[in-house]
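Okay, so here's the structure we're looking at.
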Amino acid sequence: MHEKMIEEVTANKDTIINEYIGQNNLGEAAKRLLELQKKSWQTLSSGYNSLKFIKTKVIPFDAFNFAIQYNPGRYISTSAMVDEKSITNRKCFLCEKNLPDQQKGILINDYILLANPYPIFPEHFTITHKIHKDQSIKNSFGDLLFFSKIFSKFYTIFYNGPGCGASAPDHLHFQAGSKFSMPLDNEYDTIKNKYGALLSNTNDRSLYFVDDGMRKIFAIEGNEEKNIMNIFNLFLEVYSSGSNIYEPMMNILCSYNEAKVWRVLIMLRAKHRPEEFYNKGEERILFSPAACDYGGLCITPLEKDFERFNSRLLNKIFKETSISQAIFQKLKEDLQSKI
């Protein structure tokens with residue numbers, strides 16, 4: 001990307017944003033960017049106005065909740081065709097040259113922070129790499145930790161794997177959403193204590209396997225970045241063993257708290273979409289679970305599907321799209337032998 005292009009796409013001509021960047025206060029810089037984009041970009045302004053009219057209902061389970069959000073603005077993302085042919089035949093909407101003229105951003109190292117025009121959260125951003133390259137966590141996990149730290153005051157950072165939720169599997173990116181908007185942000189400790197199994201515990205990190213009956217989660221908590229990265233790389237090696245796909249299926253939620261501890265929650269996936277997604281006519285349910293859905297905030301763009309969601313349907317879908325108990329147990333044993 002040429003320097004001139006970077007200057008055009010970034011909003012760093014704004015004095016207030018520059019002041020926040022100079023203070024290393026990128027969370028406030030992001031808020032300022034969103035504020036400016038709401039005033040200057042009609043598509044984004046309309047997206048945020050639509051949040052005033054969304055419907056939400058809460059479905060309780062034992063020790064946790066799922067919130068269902070009826071959000072028509074997410075239709076394109078939820079229904080996106082992500083097969084190889086469809087990806088090849090469309091322009092990448094995360095590449096700088098294809099961004100709308102009104103869209104601005106903040107350059108952060110090799111990434112550009114962009115306000116998401118089709119929000120799920122009160123504040124929603126996409127963090128896209130400057131270079132068009134495949135969505136992959138193997139060599140970008142350190143970047144995920146970095147962004148969760150610099151945006152720790154306001155946002156949870158999440159990653160959708162190329163085979164389970166990323167609507168742009170051909171372009172490396174993360175997303176940032178308002179902290180505590182997903183039920184799991186608040187409920188994780190309760191779920192861990194009730195359904196978690198401690199795999200390993202040292203002074204600087206703890207590892208858990210959590211099975212709450214719907215989600216299978218490998219959790220890393222720690223304050224030493226290098227150690228967390230080593231554990232993740234070991235996990236990825238074990239999880240990838242015997243697999244012939246580009247990247248084993250996962251979604252990741254990552255946060256950093258006031259105690260200077262990272263929390264990395266890796267959702268272990270078996271399928272991208274449930275069988276209901278492929279049904280015909282009225283039997284079809286347009287629901288494509290990704291990181292935020294596994295975080296307990298389930299997005300559906302159709303009101304008829306919103307009305308149909310209940311505990312039985314949620315339980316079926318999440319069990320179907322998560323790895324099996326047998327694979328989960330083997331992963332736990334294999335990882336335990338290498339820790």
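Just a few scattered comments:
- With neighbours defined as other Cβ atoms within 10 Å of a residue's Cβ, the residues 324, 50 order from fewest to most as 324, 50.
- Greater than 22 Å apart at Cα, pairs in 55/194; 13/104; 280/316; 55/153; 13/97: 55/194; 55/153
- Percent antiparallel among DSSP beta bridges (both partners in the chain, rounded to 5): 90 percent
- Answer label, with P(r) over Cα pairs in 20 Å bins from 0, in percent calculated from the coordinates and candidates (i) 36, 60, 3; (ii) 31, 60, 9; (iii) 28, 49, 22, 1: (ii)
- Full extension of the chain segment joining residue 311 with residue 92 gains 75.2 nm, where the gain is 0.36 nm per residue of separation less the Cα-Cα distance.
- As a rough guide to protection, the peptides 251-258, 51-58 ranked by mean Cβ packing within 10 Å, highest first, stand as 251-258, 51-58.
- Theoretical FRET efficiency, 1/(1+(r/R0)^6), r = Cβ-Cβ of residue 138 and residue 202, R0 22 Å, to 0.05: 0.35
- Cα centroid of the stretch 108-155 to Cα centroid of the stretch 16-59, whole Å: 15 Å
- The chain - mean residue ellipticity at 222 nm from DSSP helices (-39,500 (n - 2.57) per run, n ≥ 4, rounded to 500): -10500 deg cm²/dmol
- Applying D = kT/(6 pi eta Rh) to the stretch 175-334, where Rh is the Kirkwood radius over alpha-carbon pairs, T corresponds to 4 °C and eta to 1.567 mPa s, the Stokes-Einstein value obtained is 77 µm²/s.
- Spacing of the two label points (7 Å from each Cα toward its C-beta) at residue 40 and residue 186, in nm: 3.5 nm
- Of the peptides 195-202, 157-164, the ranking by mean beta-carbon count within 10 Å, highest at the top, reads 157-164, 195-202.
- Too-long pairs where the Cα-Cα distance tops 22 Å, listed order kept, from 133/179; 192/330; 138/192; 226/319: 133/179; 138/192; 226/319
- Cα centroid of the stretch 197-269 to Cα centroid of the stretch 296-339, whole Å: 16 Å
- The chain, relative contact order in percent, only Cα pairs under 8 angstrom and at least six apart counted: 19 percent
- Note on the chain: with charges restricted to the Cβ of Lys and Arg (+1) and Asp and Glu (-1), its dipole about the Cα centre is near 440 debye.
- Gain in span if fully extended, residue 193 to residue 55, counting 0.36 nm per residue against the direct Cα distance: 46.6 nm
- This ranking places 114, 236 by how few other beta-carbon atoms lie within 10 Å of each, fewest first, which gives 236, 114.
- Packing-based ranking of 13-23, 121-131 yields 121-131, 13-23, ordered from highest to lowest mean Cβ neighbour count within 10 Å.
Every read-out reported here was derived from the displayed coordinates using simple, explicitly stated rules and does not represent laboratory data. Every value quoted in this text rests on a predicted model; they were computed, and no experiment measured them. When we count neighbours, we look across all protein chains shown, and the Cβ atoms used for this are built from the backbone with ideal geometry, even at glycine.
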